[in-house]
Amino acid sequence: MIKRNFILSALLVPAAMAFAQQYGGMWIPTEVNEKEMKEMGMKIDAKAIFDPNKPSIKDAVVQFNGGCTAEIISPQGLLLTNHHCGYSQIQSHSSLENDYLADGFWAKNQKEELENPGVTVDFINGIKDVSAEVLKGTEKLDQKAADALITANVKKVQSTYKLEPHQKVLVRAAYYGNKYYAYLIDTYKDIRLVGAPPSSIGKFGSDTDNWVFPRHTGDFSLFRIYADKNNKPAEYSKDNVPYVPKHFLPISLKDKNEGDFTFVFGFPGRTTEYLPSIAVEKIRTEIDPAMISVRAVSLKTLDAQMRADQETKIKYASKFASLANYWKKWSGEVEGLTKSDATGKKQAYEKTLIAKNPEIKTTLDEFNRLYTAQGPYALHRAYYSEIIRNSESLTLASHYLNYLALAKSGKLDQKTVESFTNRLSRIYKNFDAQLDAKVTARILALYASKLEPQFLPQGFEAFKDETKNLQTLEQFSKNSIVTGRAALNGATASEAIETLFKDEKSLAKALESDPILKLFATLRASYGSASETKFESYQDQIDALQKTYMAQQMATDKDRAFFPDANSTLRVTYGKIAGSNPKDALYYGYQTHLSGVMEKYIPGDYEFDVPQKLIDLHAKKDFGPYANASGDVPVNFTATNHTTGGNSGSPALDAEGNLIGLNFDRQWEGTMSDINYDPRFSRNIMVDAKYILFIVDKYADAKWLLNEMKIIK
Ligand code: ARG
Ligand code: ASP
């Protein structure tokens, strides 16, 4: 009976949603569709979300260190974000004795909170539509002249603001340059680590469960914003005090039901929802598969050795996770684009647009011409950028080549040299020359066999044989600074680098004849001459046409509510808590539970181990107020909110604006939402606020933090 109800509701919610949110939506907070939000269940006014003159929810939502989102959950500046967003800060405080990644970290009071030099949080204090000012006078100009005038106009807009030292104004294009918005930003710089669960909670399921629902990850960590005595931003000082926010989010412990209204407030990075069908088809059939194929080869090579050798596993864990994240995302994207028939849907949409405005046919024909002509160069670019990214040898070589160019032109100063040595030391620190040679040998073979000869350096067909490549690379390494002499492991790497860079002349001389550097230079040059310029000149034309097409879509499809593609600025997305029916006869419920963590538990496994204390809490059913009516602690849940990379750490809020969850991922079947949101498959995944408090309270025993929060039972 329960099952039957669930299945019915799982089917009904997305169908009902399809009408309102057929295309998803990431709305500029000052331009949300209040009427629709209220129809869907929101109980607060849009002004409560973003009010430029009064405290509102926006005062509790920040961009965390330029990438993720975070939110304030106490009157003392306590900040909640994802474990994967605070990962490198947690790692930076870790050592063999105090391994906070493995064991977690919990400050017992404010004095024990750990400083993080360089970490910032940004508040958005104002949003203004400045389209008229920025576009003024550009109407009749050609692209180049218009761009120059826009740059000047943007400066003018910025100069109208009276700024305090910690403030800046960013002007960002929206709708492909049809509109412009100015953002007034306050940056705080003293951000301290307060708490983090062990990775076996915060990263539970790791790569296997990444991008997947049902999910059971406690992906959260806690920081605190500090300010000077006047509550203003300041560099780290032990005299700084916890920041007093204009608003903080109360946390609701009420049970969630399918169909409940929810919204997510944060900083989505990049989407492309308004492409023509030809562009989507190129991504689906050419670009994504090319990038996936390179990563598949390198990940497989790394994985084999990581499984066989513990040291390799530690060294390559972070690199592997980052390569695997988008490798997996692109595979899901291709599957989702195919399954949702994104190209077919776009083609049908284009027909309806042309029927209303025949001029659009000219635009689309021109897109077809441009994308078809650009195709081979775009493919080359995809392969080229991926082989450089996946091969540490080639990445290193690219840095050395840049260094060499600067050295030759006499433009090296101390600071530049330092930034080179820092970057190189960071790569060498976790570099295994032999393993990387294997990766490089294989992806070069792939590169040589996938690309037509005109895109390869002279004679590069010889690189089709990976065994020979490996021999060649090993031979090269013997005479290479890039992968040989400097490539010492661990702490010695930075010393070796320092010595190396002390003698600029002999370094430059050695690099001139370095075989790995030469190999990279040849690849770089052939990409440059065969494709780079052509790719870019087509891309400029495509960008200009996309601006036209965006304006045409908006002018022609009057019934559709358009939102601007994500561009790392503050946005609101809303939807309903919902499970899904991603495959025939396959239904996902909308929430997972602690018992599900235990079902996935594999003792000692690097992805699915569970800490003993959590096992005990589960066994004793010591759940405090955090269980829901079913008697289990909810862990993760899904909704139809339209999110993307950068939304990690975003608060999920209920109809009253209380925090109910923490966004951290999307489900496999819906990851094509960056290009084609589909309410049938696209779901964002959130950590349940109850699980977060359960871990803080019962697992970490950090009651002092709970006392700061406003918890609604
Ligand atoms: N897929 C999520 C997002 O793009 C989470 C990534 C972190 N987790 C991981 N296993 N790598 O970024
Ligand atoms: N995991 C992503 C992030 O880190 C969120 C997403 O792509 O859904 O921002």
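The values are calculated or read from the model by the stated rules, or taken from the named source; none is laboratory data. Note that this is a predicted model, so its numbers are computed, not measured. Quick reminder, even Gly has a Cβ in these numbers, built from the backbone with ideal geometry, and neighbours come from all protein chains shown. Just so you know, the surface numbers come from the protein's heavy atoms only, side chains and all, with ligands and any DNA or RNA stripped out. Shrake-Rupley method; radii C 1.70, N 1.55, O 1.52, S 1.80 Å.
Under the simplified labelling scheme, the N257-S88 pair shows an inter-label distance of 4.5 nm, with each label point 7 Å from Cα along Cα→Cβ. Region 418-439 and region 287-335 have Cα centres lying 17 Å from one another. Average accessible surface for region 513-568: 43 Å² per residue, computed with a 1.4 Å probe over protein heavy atoms with every protein chain in place. List, in the order given, every pair from K155/K328; K313/K613; K58/K713 whose Cα-Cα distance in the structure shown is over 29 Å. Table pairs above 29 Å Cα-Cα are K155/K328. Is the shape of region 603-701 best called rounded, prolate or oblate, per the rule: a/c under 1.5 gives rounded, else a/b larger than b/c gives prolate, else oblate, with a ≥ b ≥ c the square roots of the Cα gyration tensor eigenvalues? Since a/c reaches 1.5 and a/b is larger than b/c, the shape of region 603-701 is classed as prolate. Of the chymotrypsin sites (Phe, Trp or Tyr not before Pro) in region 432-464, not one is in a loop by DSSP (not H, G, I, E or B) with at most 11 other beta carbons within 10 Å. Along each principal axis, taking the top coordinate minus the bottom one, the Cα set of region 97-136 gives 61, 21, 16 Å in descending order. Sorting D432, D678, D465, D584 by solvent-accessible area of protein heavy atoms yields D584, D465, D432, D678, largest first, with a 1.4 Å probe. The ellipsoid that matches the Cα gyration tensor of region 577-624 has semi-axes, each √(5λ) in whole angstrom, of 27, 15, 7, with the longest given first. Taking the centroid of alpha carbons for each part, region 46-60 and region 530-566 are 32 Å apart.
Principal axis extents of the C-alpha atoms in region 107-213 (largest first, rounded to whole Å): 60, 39, 20. Legend: Rg and Dmax of region 332-410, from Cα coordinates, 20.7, 60 Å.
For region 138-186, the direction-averaged projected area of the alpha-carbon convex hull comes to 3.7 nm².
Normalised by 2.2 N^0.38 Å, with N the number of residues, the alpha-carbon radius of gyration of region 29-78 equals 1.31.
For the chain, what log10 I(q)/I(0) values come out of the Debye formula at q = 0.07, 0.08, 0.10 1/Å, with one point per alpha carbon and no solvent? Log10 I(q)/I(0), no solvent term: -0.52, -0.70, -1.13. Hull volume per residue, based on the alpha-carbon atoms of region 667-713 and their convex hull, is 123 Å³. The order of K583, K162 by accessible area, most exposed first and with a 1.4 Å probe, is K162, K583. Relative to the compact-globule estimate of 2.2 N^0.38 Å, the Cα radius of gyration of region 58-132 comes out at 1.36. A Förster distance of 30 Å, applied to the separation of the beta-carbon atoms of Q471 and A308, puts the FRET efficiency at 0.85. Shown for region 176-288 is the translational diffusion coefficient from the Stokes-Einstein equation, using the Kirkwood radius over Cα pairs, a temperature of 25 °C and a viscosity of 0.890 mPa s: 126 µm²/s.
Using 0.36 nm per residue and subtracting the Cα-Cα separation, the extra length available between E139 and Q414 on full extension is 94.4 nm.
When the C-alpha to C-alpha distance is required to be over 32 Å, the pairs from K179/K408; K35/K710; K203/K464; K108/K620 that qualify are K179/K408; K203/K464.
On the basis of the beta-carbon distance and an R0 of 30 Å, Y161 and D228 show a calculated FRET efficiency of 0.85.
Spread over its residues, the convex hull of the C-alpha atoms of region 249-408 is 260 Å³ per residue. Calculated on the Cα set of region 419-486, radius of gyration then Dmax: 13.8, 37 Å. Using a probe radius of 1.4 angstrom, the carbon and sulfur fraction of the accessible surface of the chain is 53%. According to the square roots a ≥ b ≥ c of the eigenvalues of the Cα gyration tensor, what is the shape class of region 150-240, taking rounded for a/c under 1.5, prolate for a/b larger than b/c otherwise, and oblate for the remainder? In terms of gyration-tensor shape, oblate. Counting only protein heavy atoms and a 1.4 Å probe, region 344-487 has 49 square angstrom of accessible area per residue.
In the frame of its principal axes, region 554-637 has Cα extents of 61, 34, 30 Å, reported largest first. Pairwise alpha-carbon distances in region 37-186 exceed 18 Å for 70% of all pairs. Taking all protein chains into account, the per residue accessible area for region 23-169 stands at 50 Å² (1.4 Å probe). Partner aspartates and glutamates whose Cα lies under 12 Å from the Cα of K144, excluding those fewer than 8 positions away in the same chain, are identified as D540. With all protein chains in place and ligands, DNA and RNA left out, the 1.4 Å accessible area ranks R381, R560, R215 as R381, R560, R215, largest first. Among the DSSP helices (H) of the chain, those spanning at least 27 angstrom by Cα along their long axis with an average Kyte-Doolittle hydropathy of 1.0 or more are 2-20; this is a geometric and hydropathy rule only.
Accessible surface of L141, taken over heavy atoms with a 1.4 Å probe and every protein chain present, rounds to 70 Å².
Could you state, as a whole-number percent, how many of the C-alpha pairs of region 489-601 are farther apart than 25 Å? The proportion of pairs with Cα distances above 25 Å equals 69 percent. In the context of the full protein assembly, H84 retains an accessible surface of approximately 90 Å², using a probe radius of 1.4 Å and ignoring ligands and nucleic acids.
Taking 0.36 nm per residue of sequence separation and removing the Cα-Cα distance, the S506/E532 pair yields an extension gain of 6.2 nm. Label separation (K108 vs A148): 6.6 nm, computed from points 7 Å beyond Cα along the C-beta direction.
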